[in-house]
Each structure stands twice: as structure tokens, then as C-alpha cells.
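Only the coordinates and a few stated rules stand behind these numbers; no lab work does. It should be emphasised that the depicted structure is a prediction, and the values quoted were computed from it without experimental measurement. Virtual Cβ from ideal backbone geometry, glycine too; neighbours counted across all protein chains shown.
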Amino acid sequence: MLKIKFPLSLSFILAGLRIAVVIAISVETLAPYFGGEGLGRELIYGITANDSHKIYGAAIMAALLAIIADFLFGQLQKKLDVKE
């Protein structure tokens with residue numbers, strides 16, 4: 001039974017993990033607002049200093065990290081997808 005159900009559900013498990021990773025990266029940019037360290041530290045420094053270069057640089061890096069993570073998990077999901 002496990003040999004049948006687990007391979008069929010693997011695609012759904014990886015899809016959930018993919019979404020969770022992208023959300024975690026997105027939420028981590030908000031951590032400095034709540035006293036933590038994270039990807040958004042430079043973003044917050046740019047906002048407080050009114051430095052648009054720092055804001056754009058931090059936002060682009062966080063977005064690229066989320067896009068790359070999504071792409072890699074998508075490739076892994078396609079590779080491990082069970083064909084009928």
C-alpha cells in the first residue's frame with residue numbers, strides 16, 4: 001500500500017513544500033519589522049535612510065531568491081513526478 005500511495009502523493013508533497021519555501025522567503029523580508037534579522041534588514045535600512053538604491057537592491061535580491069527557489073523546486077517536482 002505504501003509503495004502505491006507515496007509515489008502518487010510525492011508530487012503534491014513537493015508542491016506544498018515549494019509554496020512553503022517561497023512564502024518563508026517572503027515572510028523573512030518582514031522579520032526586521034519585528035526585531036529579527038533576515039533578508040529585509042537592508043530593505044528596512046533603505047526605507048529609514050530614504051535610500052532608493054538600497055531598497056531596490058534588497059527587494060530585487062529577495063525576489064530573485066524566491067524565484068530561484070521556486071524554479072528549483074519546480075524542476076525537482078517535474079523530475080520526481082510519477083508517470084502513469
(request) Please go through segment 56-84 and pick out each residue that is among the β-branched types (Val, Ile, Thr) and assigned to a loop (DSSP other than H, G, I, E, B). (result) VAL82
(message) For the structure I just gave you, tell me whether LEU10 is in a helix (DSSP H, G or I) and in contact (Cβ under 8 Å) with a residue 12 or more places away in the chain.
(response) yes
(request) Determine whether segment 40-53 contains at least one residue that is aliphatic (A, V, I, L, M) and touching an Asp or Glu at 6+ places or on another chain (Cβ under 8 Å). (result) no
(request) Collect the residues in segment 40-55 that are in a helix (DSSP H, G or I), of a type in the set (Gly, Ala, Ser) and buried (at least 16 other Cβ atoms within 10 Å of the Cβ), keeping them in residue-number order. (result) GLY46
(request) Take segment 56-70 and flag every residue that is crowded, with 16+ Cβ neighbours inside 10 Å and closer than 14 Å to ILE44 by Cα. (result) ALA58, ALA59, ALA62
